[in-house]
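Inspection log for the structure reproduced underneath, given as structure tokens.
The values are calculated or read from the model by the stated rules, or taken from the named source; none is laboratory data. Bear in mind the structure is a predicted one, so any value in this text is a computation, not a measurement. Cβ placement follows ideal geometry from the backbone for every residue including glycine, while neighbour counts extend to all protein chains displayed.
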């Protein structure tokens, strides 16, 4: 039965590596919990399609932007095969992975990935001050994705905002333009663990809370694209269909892209 599943080809999301951009740094190997990636002949490569879950956790650490999630015909993801693969990795492969991880950690401060690169911005232009304090548009608690209950009353039939952690600090009018009249959940696709839990919660928001719309707001850095991938996977597993909108915010607070999908 396992073999039949491994041999089944379906159209799904899977990682694609641009070998012209890849430098073989190994960051993606460390970030891939399924062991789907390996540096071979100086380039990152997918060792077996069935090991890749298509969620894009490996994208976050790539300093060259060489990885992206695409949709194409591929062998179906097989969690059982992943477990056997991880168990069967020989000692040399485990040592190699640990060596890559150590090198990546030691040189993380040199990473050119915009999510970790040190930058100083020019002083912002002076804006006309609004008289009085600006009220918060937040109408619930908690907000962090691991802590929220998708069946909470404030999600029922709501327009929901799924925001990357950094957006609220980068976009000055976050409350007015994004949060007003919406229920919210926040997450970091680069640092948070338990992304399968996030997918199930998004599915529950759609099926159980019967939300009206889902807006995903993320930063213009490679790792943040994983947030949209999580939202799309949760929506794919849900029995209901809801409109999904994504917004990409630049690191200096400008809106780069806004689109319904």
Boolean, residue 148 is at pLDDT below 85, more than 18 Å from residue 242 (Cα to Cα) and not assigned by TED's automatic domain parsing to the domain that holds residue 56: no
Failed criterion for residue 189 (all others in (1) surrounded by 22 or more Cβ atoms within 10 Å (Cβ to Cβ); (2) closer than 18 Å to residue 255 by Cβ hold): (2)
Matching residues, segment 145-166, being touching a strand residue (DSSP E or B) at 6+ places or on another chain (Cβ under 7 Å) and within 16 Å of residue 214 (Cα to Cα): 145, 148, 154, 155, 158, 159, 160, 161, 162, 163, 164
Can you pull out the residues in segment 164-223 that are closer than 16 Å to residue 153 by Cα and in a loop (DSSP other than H, G, I, E, B)? 181, 182, 208, 209, 210, 211, 212
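Please work out if residue 204 is outside the structural domain of residue 79 (by TED's automatic domain parsing), under 20 Å from residue 243 (Cα atoms), crowded, with 21+ Cβ neighbours inside 10 Å and touching a residue at least 12 places away in the same chain (Cβ under 8 Å).
no
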Scanning for something in contact (Cβ under 8 Å) with a residue 24 or more places away in the chain and more than 20 Å from the chain's Cα centre (by Cα), does segment 160-174 turn up at least one residue? yes
Take residues that are modelled with pLDDT under 85 and buried (at least 19 other Cβ atoms within 10 Å of the Cβ) and tell me which of the helices (runs of 4 or more DSSP H) falling wholly in segment 1-91 contain 1 or more. 27-31
Based on what the data block shows, is residue 135 in a loop (DSSP other than H, G, I, E, B) and buried (at least 22 other Cβ atoms within 10 Å of the Cβ)? no
